[in-house]
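Student: One structure, pasted below without further comment.
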Amino acid sequence: MKFSTSKAELQQALQKLSKATPARSTLPILGCALLEATEKKTTLRATDLEITIEVEISVSLEKAGTIALPLKTLLDITSELPDTRLTLTVDDKNRAEISTDSGVYDLMGKPSDEFPTTPGNQNTTSTKVSAGLLKDVIDATSFAVSRDELKPALTGVLFRFSSNKLTAVSTDGHRLVRYTRTDFESGGYSGDLIIPRKFLLFMSAQPSTGVIDLYIGKNHLTAKIGQDTALTRLIDERFPDYENVIPKDNEKTLRVDKNTLLGAIRRVSIFSNKSTHQVALNLKKEKSNITTEDPEKSSRAMENIPAEYSGENLSIGYNAEYLKDVVMHIKGDRAEIKLNTPISAALFSSESTEENSDSLMLLMPIRLND
């Protein structure tokens, strides 16, 4: 194999592939990128067996071939090279040579047949989604995905496709987010997919312009983004019945400026216990405040919150880290929080409604220390 290309194009491709390289693996081949050069196109591919990324690059091809090369070494040397053209040559013993006007760099590759094969797109259903819409959905939901591998259904986001609506739901057992878009047409596809968080974070980092083609198979989802392709295995588990978890009888209402509340939580939580991160919202019609106390360090804090509250007096405790995350993801300038009792879930949303989208977040409280 022999081809030449620009340093910038190769570096950009390798940076994308690095998102699919496992940090640690018992399979050394997974630390490699598979290079395939044919008369039609030249591609680079990487996988961690959960997500696969394939990128097409422009080259001047002299000889077709395939090789698996250490991705980190390739990326490191490419990043250090000045802007120039480079030539990659591979012999029949899998020895690779990168040459530029100023230097030559040799490294050893592996046979391409050791590299895992990619599942095909047979028996798939296709639909299209705006890149900007998909990014909005991912950014609204991915923060509440569980990191607990013992609950695999919660380690991804549920995407519920219908003919003219897309609903995405994530939960980690403490928080739940339901985000709906009505400016979406599935092109006839309907169904539920649980998509892993890692794949979604990769998709969120892509340009938010244009249209993404999705190919939905029984166990895999493939996304075509321009010249790039990303594939992930789907999570084959049953997602919890989230509608039954969302309370319908929260009649106490707190309306507050989002940034004012967020600032108060951040300042007060500095003085909270470092293991529980416990803060309390103390809500009354005449005044509301947020407090914390850490007996271990003899520290405490209180800050008044200018807010409108309707309902009986209520003191309710939260993990400050979860509370910050939820408030931060409220759209708009004003937050509306619907509450019931000190031990029941609260609902967080924007005071104003947005055209074509609806976001509702649920947060479970923690019991306050006596």
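The values are calculated or read from the model by the stated rules, or taken from the named source; none is laboratory data. Fair warning: this is a prediction, and the values are worked out from it, not measured in the lab. Glycine gets a Cβ as well: all are built from the backbone with ideal geometry, and neighbour counts include every protein chain shown.
Student: Applying the selection to region 98-155, what residues are of a type in the set (Val, Ile, Thr) and either touching a residue at least 60 places away in the same chain (Cβ under 8 Å) or assigned to a loop (DSSP other than H, G, I, E, B) (or both)?
Tutor: Correct list: THR100, THR117, THR118, THR124, THR125, THR127, VAL129, ILE138, VAL145, THR155.
Student: Being in contact with a Lys or Arg (Cβ under 8 Å, 6 or more places away or on another chain), among the hydrophobic types (A, V, I, L, M, F, W, C), over 20 Å from CYS32 (Cβ atoms) and touching a residue at least 12 places away in the same chain (Cβ under 8 Å) is the requirement here; does VAL90 meet it?
Tutor: no
Student: Among the residues of region 165-181, is there at least one that is among the polar types (S, T, N, Q), assigned to a strand (DSSP E or B), more than 26 Å from SER344 (Cα to Cα) and touching a residue at least 24 places away in the same chain (Cβ under 8 Å)?
Tutor: no
Student: Looking only at region 1-59, which residues are assigned to a loop (DSSP other than H, G, I, E, B) and under 15 Å from LEU74 (Cα atoms)?
Tutor: Of everything in region 1-59, just one residue is assigned to a loop (DSSP other than H, G, I, E, B) and under 15 Å from LEU74 (Cα atoms), namely THR21.
Student: Something else: If I filter region 303-328 down to residues being surrounded by 20 or more Cβ atoms within 10 Å (Cβ to Cβ) and touching a residue at least 60 places away in the same chain (Cβ under 8 Å), which single residue comes out as farthest from SER142 (Cα to Cα)?
Tutor: Looking at the filtered set, the residue picked out is ASN319.
Student: Name the pairs whose Cβ atoms lie under 8 Å apart, with the first residue in region 6-35 and outside the structural domain of LEU231 (by TED's automatic domain parsing) and free of Cβ contacts under 8 Å to residues at least 60 places away in the same chain, the second of a type in the set (Lys, Arg) and part of a helix (DSSP H, G or I), and 6 or more positions between them or separate chains?
Tutor: Sorted first by the residue in region 6-35, then by its partner, the pairs are SER18/LYS72; THR21/LYS72; GLY31/LYS72.
Student: Would region 196-207 turn up any residue that is part of a strand (DSSP E or B), in contact (Cβ under 8 Å) with a residue 12 or more places away in the chain and either more than 23 Å from TYR322 (Cα to Cα) or small (Gly, Ala, Ser) (or both)?
Tutor: No, region 196-207 contains no residue that is part of a strand (DSSP E or B), in contact (Cβ under 8 Å) with a residue 12 or more places away in the chain and either more than 23 Å from TYR322 (Cα to Cα) or small (Gly, Ala, Ser) (or both).
Student: When you scan region 186-208, how many residues do you find that are surrounded by 15 or more Cβ atoms within 10 Å (Cβ to Cβ) and under 17 Å from THR167 (Cβ atoms)?
Tutor: The total comes to 6.
Student: Tell me whether region 280-302 contains one or more residues that are under 30 Å from ASP136 (Cα atoms) and touching a Phe, Trp or Tyr at 6+ places or on another chain (Cβ under 8 Å).
Tutor: Looking for residues that are under 30 Å from ASP136 (Cα atoms) and touching a Phe, Trp or Tyr at 6+ places or on another chain (Cβ under 8 Å), one finds at least one in region 280-302, hence yes.
Student: For region 72-86, how many residues are in a strand (DSSP E or B) and surrounded by 17 or more Cβ atoms within 10 Å (Cβ to Cβ)?
Tutor: Matching residues across region 72-86 total 1.
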